[in-house]
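Attaching a single structure in structure tokens format; questions to follow.
The values are calculated or read from the model by the stated rules, or taken from the named source; none is laboratory data. A quick note: this is a predicted structure, and the numbers were derived from the prediction, not measured. Cβ coordinates were reconstructed from backbone atoms using ideal geometry, including for glycine residues, and neighbour counts include every protein chain displayed.
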Amino acid sequence: MITFYPGPSKVYPQVADYAAEAIRQGIVSLNHRSAGFMDIVKETVRLLHEKLAIPADYHIALVSSATECWEIVAQSLTAESSLHPHSGAFGKKWAEYAYRIKPPASLNEADVLCIVQNETSNGTQVNMETLAQFRRDFSSLIAVDAVSSMAGIAFDWSLADVWFASVQKCFGLPAGLAVLVYSPAALKRAEEIGENNHYNSLLFIHENFSKFQTPYTPNGLGIYMLMRVLQQVPPIAVVNTITKQRAADWYAFFAESGLSSSLALDAPAFNLLITDPSIRSETVIAVEGTEKAIKDIKTAAQQAGITLGNGYGDWKSTTFRIANFPAITDDEIGTLKQFLRSYR
Ligand SMILES: *Cc1c(COP(=O)(O)O)cnc(C)c1O
């Protein structure tokens with residue numbers, strides 16, 4: 001079975017060995033305040049800086065999920081309220097979570113702009129030019145959910161103060177861990193607000209991570225597997241080139257394959273959900289069709305040993321999604337293209 005599900009998604013096959021290693025070598029039984037464990041955290045943070053080209057002065061912490069990061073931004077970095085321009089289900093959920101913690105009473109005093117860089121639900125992205133425009137227009141903190149693009153494409157990190165991603169998407173790892181990146185300005189804001197009421201208050205997390213520790217017993221297995229995957233992957237500039245080429249190939253494929261035209265003379269069976277190329281995601285491709293066409297192709301793919309991603313949110317039954325994540329191989333992409341070409 002091969003999977004194009006955009007999260008949880010395909011894990012690197014080597015992860016099976018990394019997990020076995022962590023257990024056989026007793027890494028998962030290390031006390032999380034021991035030198036051995038702290039070395040693993042330190043090396044993981046170093047590798048994140050190195051492989052993802054994260055600026056040296058940006059801090060990195062590891063938490064449990066992107067959803068937790070939404071709450072950390074609201075509780076520890078938002079003084080008044082946050083702004084949430086969004087186009088899809090994850091952006092909407094983030095706004096709902098944030099507003100439960102910081103009700104949107106005074107949006108004209110919003111002091112954090114919250115952007116979903118890659119909207120996994122509909123295959124759109126906020127590209128770096130658009131983010132640069134937000135940076136020019138908004139003088140306060142910018143927080144970016146990059147869950148389904150971090151480690152898949154390169155970012156200009158300086159365009160935001162907070163970036164986060166859980167690892168079950170482009171990192172090619174099992175769920176249960178998230179990477180939280182924050183700038184000196186974000187830390188300064190946290191200090192000004194001084195919020196320290198939670199186990200995951202950013203100040204408390206920061207204090208722990210500055211000693212390569214964590215506030216609570218962390219996902220040691222996940223951290224070890226992240227360290228091992230980071231050792232294995234090429235620098236983000238290389239990954240970025242591959243991801244963008246594959247994305248261009250996917251979009252060209254759907255434009256040319258005849259999937260969208262030859263199946264029926266009267267009505268096309270499948271179309272790209274997003275028609276404006278400037279907002280198309282490079283890591284998640286959403287393909288639209290009638291409910292029946294979508295259901296049928298997912299079933300046929302399953303029978304051919306291929307899992308397509310279901311639609312999500314408003315697009316649940318009228319799209320399927322294709323993850324374009326680094327752990328997926330050229331052979332697997334070839335297999336899916338062959339299936340799609342021959343699908344009738
Ligand atoms: C998957 C996803 C999330 C949720 O991640 P969790 O690890 O489940 O918290 C948030 N935002 C985006 C854009 C996602 O794709």
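Yes or no, residue by residue, for (1) at pLDDT below 95; (2) of a type outside the set (Ser, Thr, Tyr); (3) farther than 30 Å from Ile60 by Cβ:
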| residue | (1), (2), (3) |
| --- | --- |
| Glu207 | no, yes, no |
| Arg228 | no, yes, no |
| Ala237 | no, yes, no |
| Asp266 | yes, yes, yes |
| Arg280 | no, yes, no |
| Glu291 | no, yes, yes |
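In the stretch 266-310, how many are in a loop (DSSP other than H, G, I, E, B), within 16 Å of the ligand (Cβ to nearest atom) and not acidic (Asp, Glu)? Reasoning before the result, please.
Of the stretch 266-310, the ones in a loop (DSSP other than H, G, I, E, B) are 266-269, 273-276, 281-283, 290, 304-305, 308.
In the following step, the residues that additionally are within 16 Å of the ligand (Cβ to nearest atom) were identified as 273-274, 281-283.
Next cut, not acidic (Asp, Glu) only: 273-274, 281, 283.
Summing the residues that are in a loop (DSSP other than H, G, I, E, B), within 16 Å of the ligand (Cβ to nearest atom) and not acidic (Asp, Glu) in the stretch 266-310 gives 4.
Collect the residues in the stretch 6-24 that are surrounded by 17 or more Cβ atoms within 10 Å (Cβ to Cβ), in a loop (DSSP other than H, G, I, E, B) and at pLDDT 95 or above, keeping them in residue-number order.
Kept after step one, since they are surrounded by 17 or more Cβ atoms within 10 Å (Cβ to Cβ), are these residues of the stretch 6-24: 6-7, 9-12, 15, 18-19, 22.
Those left that are additionally in a loop (DSSP other than H, G, I, E, B): 6-7, 9-12.
If the condition is that a residue be surrounded by 17 or more Cβ atoms within 10 Å (Cβ to Cβ), in a loop (DSSP other than H, G, I, E, B) and at pLDDT 95 or above, then Pro6, Ser9, Lys10, Val11, Tyr12 are the ones that fit.
Of the residues Ile242, Ile274, only one is under 19 Å from Thr124 (Cα atoms), crowded, with 18+ Cβ neighbours inside 10 Å and modelled with pLDDT of 95 or more; which?
Details: Ile242 fails: crowded, with 18+ Cβ neighbours inside 10 Å.
Just one listed residue meets the conditions, Ile274.
Follow-up question, since we're still on this one. Can you tell me which residue among Asp137, Asp145 is out of contact with any Leu (no Cβ under 8 Å at 6 or more places or on another chain), without any contact (Cβ under 8 Å) to a residue 24 or more places away in the chain and either within 11 Å of the ligand (Cβ to nearest atom) or more than 25 Å from Asn310 (Cβ to Cβ) (or both)? Walk me through it before giving the result.
On the way: Asp145 fails: without any contact (Cβ under 8 Å) to a residue 24 or more places away in the chain.
One residue alone meets the criteria, Asp137.
What number of residues within the stretch 92-119 satisfy the criterion of being β-branched (Val, Ile, Thr), in contact with a Leu (Cβ under 8 Å, 6 or more places away or on another chain) and either more than 11 Å from the ligand (Cβ to nearest atom) or part of a helix (DSSP H, G or I) (or both)? Walk me through how you get there before you give the answer.
The first filter runs over the stretch 92-119 and keeps only residues β-branched (Val, Ile, Thr), leaving 101, 112, 115-116.
Narrowing further to those that are in contact with a Leu (Cβ under 8 Å, 6 or more places away or on another chain): 112, 115.
Cutting the leftovers down to either more than 11 Å from the ligand (Cβ to nearest atom) or part of a helix (DSSP H, G or I) (or both) gives us 112.
Total satisfying the criteria: 1.
Pick from Ala53, Ala98, Ala105, Ala66: which is among the hydrophobic types (A, V, I, L, M, F, W, C), surrounded by fewer than 16 Cβ atoms within 10 Å (Cβ to Cβ) and closer than 29 Å to Gly123 by Cα?
Numbers: Ala98 fails: surrounded by fewer than 16 Cβ atoms within 10 Å (Cβ to Cβ); Ala105 fails: closer than 29 Å to Gly123 by Cα; Ala66 fails: surrounded by fewer than 16 Cβ atoms within 10 Å (Cβ to Cβ).
After ruling out the rest, the residue left standing is Ala53.
As an exercise: evaluate Gly311 against (1) within 19 Å of Lys337 (Cβ to Cβ); (2) at pLDDT 95 or above; (3) within 26 Å of the chain's Cα centre (by Cα) and give the number of the one condition it does not meet.
Of everything listed in (1) within 19 Å of Lys337 (Cβ to Cβ); (2) at pLDDT 95 or above; (3) within 26 Å of the chain's Cα centre (by Cα), Gly311 misses just condition (1).
Let me ask another. Conditions first: (1) within 14 Å of the ligand (Cβ to nearest atom); (2) farther than 19 Å from His84 by Cα. Trp163 passes all but one, so which condition is the exception?
With (1) within 14 Å of the ligand (Cβ to nearest atom); (2) farther than 19 Å from His84 by Cα applied to Trp163, the lone miss is (2).
Here's another thing I want to ask about it. Restricting the search to the stretch 161-220, which residues are surrounded by 18 or more Cβ atoms within 10 Å (Cβ to Cβ), outside any helix (DSSP H, G or I) and either outside the structural domain of Glu71 (by TED's automatic domain parsing) or β-branched (Val, Ile, Thr) (or both)?
Across the stretch 161-220, the qualifying residues are Val162, Val167, Val179, Val181, Thr214.
I'd like to verify a number: residues in the stretch 67-91 that are away from the ligand (no atom under 11 Å from the Cβ), in contact with a Lys or Arg (Cβ under 9 Å, 6 or more places away or on another chain) and either among the aromatic types (Phe, Trp, Tyr) or in a strand (DSSP E or B) (or both), how many?
Residues that pass the stated criteria total 1.
Looking for whichever is assigned by TED's automatic domain parsing to the domain that holds Gly220, buried (at least 16 other Cβ atoms within 10 Å of the Cβ), under 21 Å from Ala186 (Cβ atoms) and of a type in the set (A, V, I, L, M) here; the options are Ile40, Ile115. Which one fits? Break it down stepwise before answering.
Working: Ile40 fails: under 21 Å from Ala186 (Cβ atoms).
Of Ile40, Ile115, the one residue that is assigned by TED's automatic domain parsing to the domain that holds Gly220, buried (at least 16 other Cβ atoms within 10 Å of the Cβ), under 21 Å from Ala186 (Cβ atoms) and of a type in the set (A, V, I, L, M) is Ile115.
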